[in-house]
Amino acid sequence: MRTARVTLAVLLTAITLTSCGAKVSNAPDDKQPKAASGGHYPVTITNCGVKTTYDKAPQRVVTNDVGIAEIMFALGLEDHMAGYVAPDYRTSRDDKGAAPWKSGYDKVKWLSKKEINKELVLDAKADLVFAGWNYGFGEGNGFTPEALKKLGVGSYVLTESCHNGGTGTSRGVMPPLEALYTDLETLGRIFDVEDRARKLVDGFKKQVADAQAATPKDGRAPRVFLYDDGKDKPLTAGAFAGPHDIITKAGGDHVMKDLDDSWVTVGWETVVERDPEVIVINNYGNVGAAEKKKFLMSYPPLAGVSAIKNDRVFVLDYVDLVESPRNPSAVAALAGYLKGVRGA
């Protein structure tokens, strides 16, 4: 699961993926060995700046976190998975109907609700771990691509979580939705399901475009703040976390768009100064959305903030907001809410 409060100090190192028939190379893509005529493999991909050549598709992938599992499910790769690690995947929006990709959850083994670790990966006989920095990988817990490489296990790093070199710990190298599309297309190449990946990306882009087309073009975009958690200081989203694109594509003005990071802590004084007209709550963990809203509505420093004065609080689930195939539907959901705010 995402451990956004852990500070990471080491940049992603080059990964040699041995157990899944892959190898790292610094050679340009056009210098890589080519597959025989008519064959798909080998294929060379770039993930967080590291080029890796796959001689075959991984067969026993272990994923960490719900959004990452659902990327695999959306691509129809359940048969290539040894299992997933995640808390309970059901969310508030799922209660209204079947969870998206529920068949994937039913088919693939649920390995643990707790933190992923090397022992779990080895017990599952994994040949590839699909996780991210602060989404399972972390120097503090010793679970890193480099550590897995020494065990003969490969890694694929969630693009949203790529280190960007800004502070040594900051993450994000491209707009959040582009990160989702990049992972879908790259995994499509690795697993030889490029057509499926392309259809998903095209469908998601259309879903976002349709939401944007229904957004009023006149008037000012409502200022929106994403509240993840925290009382002394709030954890929020910068320009490279999923909420940035979800907010902006939905017709809002993301008040923390100047932060060149993904998930980051700020001061309440900054929130008050930027006076959001809408607060989006990230619903997850032991402290649910109702309790988070109760805190926000009763916290004295926020009493004068427009969103609090007008009771404009919207809830999205964790899996809507981290990189996942649910991001486009989250854009549509928030766009519908903001349309009402603009018309008020």
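Summary of values
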| quantity | calculated |
| --- | --- |
| Criterion: among the basic types (Lys, Arg) and within 30 Å of Ile281 (Cβ to Cβ) - qualifying residue of Lys113, Lys56 | Lys113 |
| Tabulated pairs, the range 44-63, first part of a loop (DSSP other than H, G, I, E, B), second modelled with pLDDT under 95 and open to solvent by 10 Å² or more (accessible area, probe 1.4 Å), C-beta under 6 angstrom, 6+ apart or interchain | Cys48/Leu12; Asp55/Gly21; Lys56/Gly21 |
| Identity of the residue in the range 51-67, out of contact with any helix residue (DSSP H, G or I) (no Cβ under 9 Å at 6 or more places or on another chain) and of a type outside the set (Ser, Thr, Tyr), that ends up most open to solvent (accessible area, probe 1.4 Å) | Lys56 |
| Residue identified as open to solvent by 30 Å² or more (accessible area, probe 1.4 Å), part of a helix (DSSP H, G or I) and of a type in the set (Lys, Arg) among Lys233, Lys293, Lys257 | Lys293 |
| One residue from Val121, Val129 being crowded, with 21+ Cβ neighbours inside 10 Å, modelled with pLDDT of 95 or more, on the phi < 0 side of the Ramachandran plot and under 20 Å from the mean Cα position of the chain (by Cα) | Val129 |
| Residues located in the range 77-103, provided they are over 19 Å from Gly132 (Cβ atoms), of a type outside the set (Asp, Glu) and open to solvent by less than 40 Å² (accessible area, probe 1.4 Å) | Thr91, Gly97, Ala99 |
| Residue match in the range 151-171 (condition: free of Cβ contacts under 8 Å to residues at least 60 places away in the same chain, over 20 Å from Ala330 (Cβ atoms) and touching a Lys or Arg at 6+ places or on another chain (Cβ under 7 Å)) | yes |
| Scope the range 141-196; condition β-branched (Val, Ile, Thr) and either part of a loop (DSSP other than H, G, I, E, B) or open to solvent by 50 Å² or more (accessible area, probe 1.4 Å) (or both); matching residues | Thr144, Val153, Thr167, Thr169, Val173, Val193 |
| Unmet criterion (only one of (1) within 24 Å of the chain's Cα centre (by Cα); (2) closer than 15 Å to His254 by Cα) for Arg274 | (1) |
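The values are calculated or read from the model by the stated rules, or taken from the named source; none is laboratory data. All of these numbers come straight from a predicted model, not from anything done at the bench. In this analysis, Cβ positions are derived from the backbone assuming ideal geometry, glycine residues included, and neighbour counts consider all displayed protein chains. Surface accessibility is based on the protein's heavy atoms, side chains included, excluding ligands, DNA and RNA. Shrake-Rupley method; radii C 1.70, N 1.55, O 1.52, S 1.80 Å.
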